[in-house]
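Visitor: The structure under discussion is supplied below as structure tokens; questions concerning it will follow.
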Amino acid sequence: MREQKLDLVKRFGFKLHLITWTGEETPPLGKSSLEQLAAACQDGDRKAQKALFDALSPKMMAVCLRYMGKREDAEDILQEGFVTLFTKIDSYQGTGSFEGWARRIFVNTALMHLRRTDALAQSEDIAEVRGLFTEEATPVQKMGYRDLVRLIAALPAEARTVFNMFVVEGYSHKEIAEELGCTEATSRSRLQRARLKLQEMIKKEQ
């Protein structure tokens, strides 16, 4: 991927290394401000592009890191996602949250990369995952954000992806199955395995 990395400096005039992510999703500008910046970007305003980039980068970096696990990979996805965002920004019609519209771009960019690299190719035998479909609360809910991100990053790719999509992004198992090309049972089993693995890691740190 690094050989094919798109260059934000050449395309839009600002550098990825300006981002310093500290493990927190820094709140971006308010909804009206983001939408105003988006409108200005649609008019080709380079200063607005830079301001929107600065406003969204910390939160979208957190999204990318949750899916990719490694900072280097997350930075690649972040850069590719921003190129897609600015290329397609004219398609944003002003309905709904701009941040939500942007977030979907970064999630889709991460998912496309994971599919390209076969990171989600691991399959499960349905007979092996029966009884793993419970949705009860776990110690994960008691974790601080920074620690939770760190532990999620350590999950296997297929479990990490489903955990992010279901718990963080709010996808249903049906939507996850459609996005990843698997069954709903597989989605449920990966979610449960992610939760069990997270509980195991939490216990080791206590």
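Visitor: Show the residue pairs meeting these rules: Cβ distance below 6 Å; 6+ apart or different chains; first residue within segment 160-176 and under 17 Å from residue 114 (Cα atoms); second residue among the polar types (S, T, N, Q).
Guide: Final answer for the pair search is 162/187; 176/187.
Visitor: Is it true that residue 92 is at pLDDT below 90 and either among the aromatic types (Phe, Trp, Tyr) or surrounded by 16 or more Cβ atoms within 10 Å (Cβ to Cβ) (or both)?
Guide: no
Visitor: Here is a follow-up. Quick check, is residue 52 more than 12 Å from the chain's Cα centre (by Cα) and free of Cβ contacts under 8 Å to residues at least 24 places away in the same chain?
Guide: Here the answer is yes, as residue 52 does meet what is asked.
Visitor: Still on this structure, please answer the following. When you check residue 119 against the structure, is it modelled with pLDDT under 90, surrounded by 16 or more Cβ atoms within 10 Å (Cβ to Cβ), within 22 Å of the chain's Cα centre (by Cα) and in a loop (DSSP other than H, G, I, E, B), yes or no?
Guide: yes
The values are calculated or read from the model by the stated rules, or taken from the named source; none is laboratory data. Predicted model, so just to flag it, every value in this text is computed and none were measured. Every residue, glycine as well, gets a Cβ built from its backbone with ideal geometry; the counts of neighbours run over all protein chains shown.
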